[in-house]
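Input: a single structure, listed below in structure tokens.
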Amino acid sequence: MSEWDTAALAAADKRYVWHPFTPMGEWCASEHEPIVLVRGEGALLWDSNGREYIDGNASIWTNIHGHNHPHINAAIRRQLERVAHTSFLGFTNPPAIELARAVVNLFPAGTLSRVFYSDDGSTGIEVALRIVAQFWSINGDSRPDFVAFKSGYHGDTAGAASLGAAAMFQKNGSRWSFPVRQVGSVAQLEALDSEDQAKIAAVVIEPLVQGAAGIRLWPSGTLSGLRRWCDRSGCLLIADEVLTGFGRTGRMFACEQEAVIPDIMVLGKGLTGGYLPLSITLISDKIFRPFSSDETDPEILFYGHSYAGNALGCAAALASLELFEIEQTLAALSDKIGHLSAELSRLKEHPAVAEIRQCGLMAGIELRADRSERIGAEACLAARAHGLLTRPIGNTVVLMPPLCVAASQINRAVAAVRNAIDEVCCAARR
Ligand code: PMP
């Protein structure tokens, strides 16, 4: 007997709540039974009926060391006993100071050296754009254009949304967007004439892999080629590591894989281990310098949110970074990545699978859409009955467990995807 009244919770949810990126008519329909998640442990989650699932998308790509981790729990509790939140406007606090130092120390000295706190990936990107615009205006340069890559995704606030997910956000008119030049490749940037190049303030990229586009990998060398192009043309490089940061691609940061240091890096999602909303916009000396002069009329960045530098979030993030050391998270990753790839290779031959794309501990299993346009959603729904929770992107099933996932759980997750595909795509089991 569960301690939760699932029916009452579901009814109240349908009555009072509006869920993100969700067709609410379908959600609220009487036949829809929402899964009410009540508990987690490591890579597992339990619903209010006591059913166990593998957290197959790391709770929307955030979770790193697992749910309910004693080390992160203890750090949050310790901070909670002192104070949960204080203003970062005009004041500071120890966890925010320590976290800034710890994150800066992850990069070579004198490169990315200054931390600006926001609440989530979108606002971390948003402030990156504001900083860049103000930086060029202080310099007296007219560089009005931002460049982003087609099919990229950088969040939902107006600025971030202008950079990516164009089709989705422009559905109801584009009055939220500001001018962004979309390109498909670095070669297209190289083809721009010098006048156009000189107008570019910054290029924003999801390094190594476009996540929300369906786990689409960049050809190797794209990021380093882009760095070289930005250096030649004099514009800034913003690396959106909201998804790829903190081990997801196999290294601490995706940029390391191509030995690239961007001018700005945005971190979110996994920063707190997937516990609390917090993001960091990490800035190079060069960009920070004009904001730090002691002139009588100083340059001020007029940007910030009420929960900036939240002490609980920073304490969780510090504990998460400690866990990378304590549990040697990165050292254990290459075996897990190899194991996932071996498991997925057997799924590749499935007649309903069009393509499988993998980058580190994330994979996109693209299904053939000939039978149904909603095949991805149908497969993810069917996977629940096999103990796997995840969400599709179009007809691609995303598999992105927490980094703490065990080999046996990877087996279970891939088996659940296979069973789900069998059910929705082919009546008979293979
Ligand atoms: N950038 C990237 C690469 C993302 O994948 C996301 C979210 N999926 C964001 C930014 C936005 O982050 P958030 O949802 O925390 O605002």
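Of all residues in the range 274-288, how many are within 13 Å of the ligand (Cβ to nearest atom) and buried (at least 24 other Cβ atoms within 10 Å of the Cβ)? Qualifying residue count for the region: 5. In the condition set (1) outside any loop (DSSP other than H, G, I, E, B); (2) within 16 Å of the ligand (Cβ to nearest atom), residue 228 is compliant with all but (2).
Does the range 3-21 hold any residues that are surrounded by 13 or more Cβ atoms within 10 Å (Cβ to Cβ) and assigned to a loop (DSSP other than H, G, I, E, B), and which are they? Scanning the range 3-21 gives a single hit, 4.
Among residues of the range 204-221 that are without any contact (Cβ under 8 Å) to a residue 60 or more places away in the chain and more than 10 Å from the ligand (Cβ to nearest atom), those with a beta-carbon under 7 Å from a residue that is aliphatic (A, V, I, L, M) and not in a strand (DSSP E or B) at least six positions away or on a different chain give the pairs 218/208.
Checked against the criteria, residue 259 counts as over 16 Å from the mean Cα position of the chain (by Cα) and within 24 Å of residue 330 (Cβ to Cβ).
Condition check for residue 177 on (1) surrounded by fewer than 17 Cβ atoms within 10 Å (Cβ to Cβ); (2) in contact with a helix residue (DSSP H, G or I) (Cβ under 7 Å, 6 or more places away or on another chain); (3) modelled with pLDDT of 95 or more: one failure, at (3).
The set of residues in the range 105-153 that are within 16 Å of the ligand (Cβ to nearest atom), surrounded by 18 or more Cβ atoms within 10 Å (Cβ to Cβ) and charged (D, E, K, R) comprises 119, 120, 126. Look at the range 294-310: where a residue is closer than 18 Å to residue 115 by Cβ and a partner is among the small types (Gly, Ala, Ser), sitting 6+ places away or on another chain with Cβ atoms under 6 Å, you get 305/118; 309/96. The test for being surrounded by 19 or more Cβ atoms within 10 Å (Cβ to Cβ) and either more than 30 Å from residue 323 (Cα to Cα) or touching a residue at least 24 places away in the same chain (Cβ under 8 Å) (or both) holds for residue 420. In the range 54-65, the residues that are within 9 Å of residue 405 (Cβ to Cβ) and touching a residue at least 24 places away in the same chain (Cβ under 8 Å) reach residues that are within 13 Å of the ligand (Cβ to nearest atom) and in a helix (DSSP H, G or I) with C-beta atoms within less than 9 angstrom, at least six apart or across chains, in these pairs: 58/269; 58/270. Does residue 239 satisfy the criteria of being surrounded by 21 or more Cβ atoms within 10 Å (Cβ to Cβ) and in contact with a helix residue (DSSP H, G or I) (Cβ under 9 Å, 6 or more places away or on another chain)? So residue 239 passes the test. Taking first residues from the range 150-165 that are farther than 15 Å from residue 266 by Cα and basic (Lys, Arg) and partners that are at pLDDT below 90 and more than 10 Å from the ligand (Cβ to nearest atom), the Cβ contacts under 9 Å between residues at least 6 apart in sequence or on separate chains come to 150/166. Is one or more of the residues making up the range 238-249 more than 16 Å from residue 153 (Cβ to Cβ), of a type outside the set (Phe, Trp, Tyr) and more than 16 Å from the ligand (Cβ to nearest atom)? No, that holds for no residue. Is the range 33-50 home to any residue that is at pLDDT 95 or above, hydrophobic (A, V, I, L, M, F, W, C), exposed (fewer than 12 other Cβ atoms within 10 Å of the Cβ) and farther than 25 Å from residue 361 by Cα? Scanning the range 33-50, I find no residue that is at pLDDT 95 or above, hydrophobic (A, V, I, L, M, F, W, C), exposed (fewer than 12 other Cβ atoms within 10 Å of the Cβ) and farther than 25 Å from residue 361 by Cα, so the answer is no. If I filter the range 108-121 for residues that are within 18 Å of residue 276 (Cα to Cα), under 23 Å from the mean Cα position of the chain (by Cα) and assigned to a helix (DSSP H, G or I), do I get at least one hit? Yes. If you go through the range 88-107 and keep only what is under 23 Å from the mean Cα position of the chain (by Cα) and not charged (D, E, K, R), you end up with 95, 96, 99, 100, 102, 103, 104, 105, 106, 107.
Restricting the range 44-83 to residues that are closer than 20 Å to residue 312 by Cα and polar (S, T, N, Q), the residue that is nearest to the ligand (Cβ to nearest atom) is 62.
The values are calculated or read from the model by the stated rules, or taken from the named source; none is laboratory data. Just so it is clear, the model here is predicted, and its values are computed rather than measured. Ideal geometry is used to build each Cβ from the backbone, glycine not excepted, and the neighbour counts take in all protein chains shown.
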